[in-house]
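First comes the structure, then the notes that go with it.
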Amino acid sequence: MAQIEAIVIAESVDCVIVAGDVFDRAVPPVESVTLFNETISRLAAQATVVVTAGNHDSAIRLGHGSKLLRDGIHIVTDLADVGQGIEIMTRDKTQSLVFYPLPYLDPDHARFALRECVDDEPLDRSHQAVMAAALQKVTCDLRRRNRPQSEAVVIAHAFVTGGVGSESERDIAVGGVDSVSVELFTEFAFTALGHLHGPQEIGGRRGNSHRSTVAYSGSPLRYSFSEASQRKGVALVDIDADGRYERAFVALDQPRAMAELTGEIKDILTEESISRHCNDWVRVTVTDPSRPAELGQRIREHFPHALSVVHEPAGGSRSFGSSQAVIDLTDPVEISRKFVVDVTAAETTTRDDAVLRAAYEAARHGGDR
Ligand SMILES: [Mn+2]
């Protein structure tokens, strides 16, 4: 957040856009809410700040207090605000653009909320239909202001066709379709998109622009191992009075590198591998035939920032397979015995069997004692 504030100051940014998601759950932890509030007020000292709710955000929680905020902070979570433009002047007061923040449009809700009249049929149950209706409201507002679409910036939270996802975005498919076509956005000066974590522009050129005017900045941090190789940063967009447009990517330093280590434990715990990755966030997959003793502890001793340690024997031939059903008649002790065989790659001894039997019976009768 401090790096972003420094960029805003260094580049004399007029407007900071956060296109959702702000939080990764409907009820975020207090630390996250505090960080968000502090960051927004620091940024607002430098620039106008426009924030929209994503599909992970609870509109009510994110919007809480937005009416009390001071000028220069716009937190848009309510479908009733769709189509209400916010005119933002440059610092030198020579130029302005009209910003249209659209919160995440859940088709099941927006198809009723965004129809023209309450008596009308609801819109089609699709992202495409509700986004088109929202942009219709944007176009009407521009007409009232007598401004062309090329002087408007749209902020949307959606999966726009052509985007590449990762493991971190929650699926938003409705009726099997999760996307909106880029053609809806191509006439605007710029469309700032949220939802996908990888920075990317989506095809679609406008007029004399040689670059697409529809783009995801991506998330400022990596949220899963599938993002390990993504660049992380912010998009710096410059639009001049003639509608000429430039976009640059400004990288943000990440707290740690990320790595995936796969192999037998002796190959993972080598001096070279440890010295190279001991400060990284790592996902470790150990492939020894049997589960090494104290696996998690041994890995974390050398890789204190390991986020995931799993045992997946190479070949996996001893796995039970998904087709072997556990039925009522299966002896629970036999299931336990097979589990021990699976993770140790050795048959159980008579003593092991006795221990399992005693443990099971103690657990079963535990309630009676
Ligand atoms: Mn999202």
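The values are calculated or read from the model by the stated rules, or taken from the named source; none is laboratory data. What you see is a predicted model; the values in this text were computed from it and never measured. Cβ atoms come from the backbone with ideal geometry, glycine included; neighbour counts cover every protein chain shown.
What's the number of the condition I4 fails, among (1) without any contact (Cβ under 8 Å) to a residue 60 or more places away in the chain; (2) within 20 Å of K232 (Cα to Cα); (3) outside any loop (DSSP other than H, G, I, E, B)?
Failing condition for I4: (1).
Give L193, L236 a once-over and let me know the one that is at pLDDT 90 or above, assigned to a strand (DSSP E or B) and within 16 Å of the ligand (Cβ to nearest atom).
Values: L236 fails: within 16 Å of the ligand (Cβ to nearest atom).
None of the others qualify; the one that does is L193.
Going through the stretch 263-296 one residue at a time, which ones are of a type in the set (V, I, T) and out of contact with any Phe, Trp or Tyr (no Cβ under 8 Å at 6 or more places or on another chain)? Break it down stepwise before answering.
Step one: of the stretch 263-296, the residues of a type in the set (V, I, T) are 265, 268, 270, 274, 282, 284-287.
If the condition is that a residue be of a type in the set (V, I, T) and out of contact with any Phe, Trp or Tyr (no Cβ under 8 Å at 6 or more places or on another chain), then I265, I268, T270, T285, V286, T287 are the ones that fit.
Rundown of residues vs (1) at pLDDT 90 or above; (2) of a type in the set (D, E); (3) not in a loop (DSSP other than H, G, I, E, B), yes/no style:
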| residue | (1), (2), (3) |
| --- | --- |
| D267 | yes, yes, yes |
| R276 | yes, no, yes |
| N279 | yes, no, no |
| R283 | yes, no, yes |
| P304 | yes, no, no |
| D328 | no, yes, no |
| F339 | no, no, yes |
| R351 | yes, no, yes |
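Restricting to the stretch 239-255, and then to whatever is loosely packed, with under 13 Cβ neighbours inside 10 Å and closer than 29 Å to I299 by Cβ, can you tell me which residue is modelled with the lowest pLDDT?
Within the stretch 239-255, the match that is modelled with the lowest pLDDT is P255.
Scan (1) among the small types (G, A, S); (2) free of Cβ contacts under 8 Å to residues at least 12 places away in the same chain; (3) on the phi > 0 side of the Ramachandran plot for the single condition S275 breaks and write down its number.
Against the list (1) among the small types (G, A, S); (2) free of Cβ contacts under 8 Å to residues at least 12 places away in the same chain; (3) on the phi > 0 side of the Ramachandran plot, S275 comes up short only on (3).
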